Amino acid sequence: MIPIRDRNPSGAFPFVTVGIILANVLVFFIELSLGNQLESILFHFGVVPVKILYSSEVPDSTVINTYFPFLSYMFLHGGFIHLIGNMWYLWIFGDNIEDQLGRARFILFYLLCGVGSAIVHVFFNRQSGIPCIGASGAIAGVLGAYMITFPRARVLIIIPLFIIWEIIELPATVVLGFWFLIQFFSGTAAFSSAQGGGVAWWAHIGGFVLGILFIKIFPKSRYRHV
């Protein structure tokens, strides 16, 4: 299922959501300009489990270059499809959560979900030397919050059926619940086979669950539109 848009207008322009999208796009174009240096940059600013868990054995390891990647990784992407897919989900679902929390709390919410999802990824991939990059863990938190806050909101989706693409409307709880199940079963299969592939499934799972928890405890904006 590919979401097109939701029928849940926020009533206010999502400045933070748009700002996050622009920041990710800007960083991606910087990545494109790095040439042969890109691999080194991804290793230094992506979340590399073995580098974090065995930092004492890494030459020139400091607190900053060990733990700063928990923030920087969520602004890095591995290609146009990776970037566009993440930003598309954030654009569709982020405005309502921003409206619900208020701009300042939404920034904190987003970053906490991103950091938390990276911690979950490290826990389930302790021996991995592959950099984890991308905003999907933080965005998964937005999806979890959206599913709990607006379960009956209608989401327009495309279902690819070979050469026929069906367009239908479903409740957010179905669309996002199905998304979570895909992540969970894929993550479980990857964990069982000890082969994670190129997708940080457990970062998605962790971010989604954290989004559900955080949206319940974060104070809501007094000025949100309903």
I want to make sure I understand the PRE zone here: with the label point 7 angstrom from the Cα of Ser55 toward its beta carbon, which residues in the stretch 108-151 have backbone N atoms less than 20 Å away?
111-134
Residue separation times 0.36 nm, minus the C-alpha to C-alpha distance between Ala23 and Ile158: what's the value?
45.8 nm
Starting from the amide H of Arg5, placed 1.01 Å from N in the peptide plane, find each other amide H under 5 Å away whose residue is 5 or more places distant or on another chain.
Leu156
Residue order for Phe68, Phe185 - accessible surface, 1.4 angstrom probe, largest first:
Phe185, Phe68
Quick tally, 1.4 Å probe accessible area for Lys51, Lys216, sorted with the most first, runs Lys216, Lys51
Along the stretch 137-149, what does the Karplus equation 6.51 cos²θ - 1.76 cosθ + 1.60 (θ = phi - 60°) give for ³J(HN,Hα), rounded to whole Hz, x for Gly and Pro?
x, 5, 5, 4, x, 4, 5, x, 5, 5, 4, 6, 7
Calculate how large, on average over all directions, the projected area of the Cα convex hull of the chain is; give the answer in nm² to one decimal.
13.5 nm²
Rounded to the nearest Å, the spacing of the alpha-carbon centers of the stretch 25-51 and the stretch 100-120 is 22 Å
The stretch 178-189 - phi-based ³J(HN,Hα) in whole Hz, Karplus 6.51/-1.76/1.60, Gly and Pro as x:
5, 4, 5, 4, 4, 5, 5, 5, 5, x, 5, 5
Mind jotting down a quarter of the surface of the convex hull over the alpha carbons of the stretch 130-190, in square nanometres, one decimal?
5.6 nm²
Counting pairwise Cα distances across the stretch 65-192, what percent come out greater than 18 angstrom?
60 percent
Label point distance in nm, Ile217-Thr188, each placed 7 Å from Cα along Cα→Cβ:
2.6 nm
Can you work out the FRET efficiency for the pair Phe123 and Ile148, with r the C-beta to C-beta distance and R0 = 22 Å, to the nearest 0.05?
0.40
Taking a temperature of 20 °C and a viscosity of 1.002 mPa s, what whole-number D in µm²/s does Stokes-Einstein yield for the stretch 1-75 with Rh from Kirkwood over alpha carbon pairs?
141 µm²/s
Stokes-Einstein at 20 °C, 1.002 mPa s, Kirkwood radius from Cα pairs: D for the stretch 1-129 in µm² s⁻¹?
132 µm²/s
Rank Ala138, Ala189, Ala203 by mean-square fluctuation in a GNM of the chain with C-alpha springs under 10 angstrom and give only the top-ranked residue.
Ala189
Counting only protein heavy atoms and using a 1.4 Å probe, what share of the accessible area of the chain belongs to carbon plus sulfur, as a whole percent?
70 percent
Sorted by accessible area with a 1.4 angstrom probe, largest first, how do Ile21, Ile167 fall?
Ile167, Ile21
Determine the dipole magnitude for the chain: charges of +1 sit on the beta-carbon of Lys and Arg, -1 on that of Asp and Glu, nothing else is charged, the reference point is the Cα centre, and the result goes in debye to the nearest 20.
740 debye
Residue with peak Gaussian network fluctuation, the chain [Cα springs, cutoff 10 Å], from Gly46, Gly187, Gly129:
Gly129
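The values are calculated or read from the model by the stated rules, or taken from the named source; none is laboratory data. These numbers were taken from a predicted model, which means no experiment stands behind them. Here Cβ is always computed from backbone atoms with ideal geometry, including for glycine, and neighbour counts include all displayed protein chains. Keep in mind that these areas ignore ligands, DNA and RNA; they rest on the heavy atoms of the full protein, side chains included. Shrake-Rupley method; radii C 1.70, N 1.55, O 1.52, S 1.80 Å.
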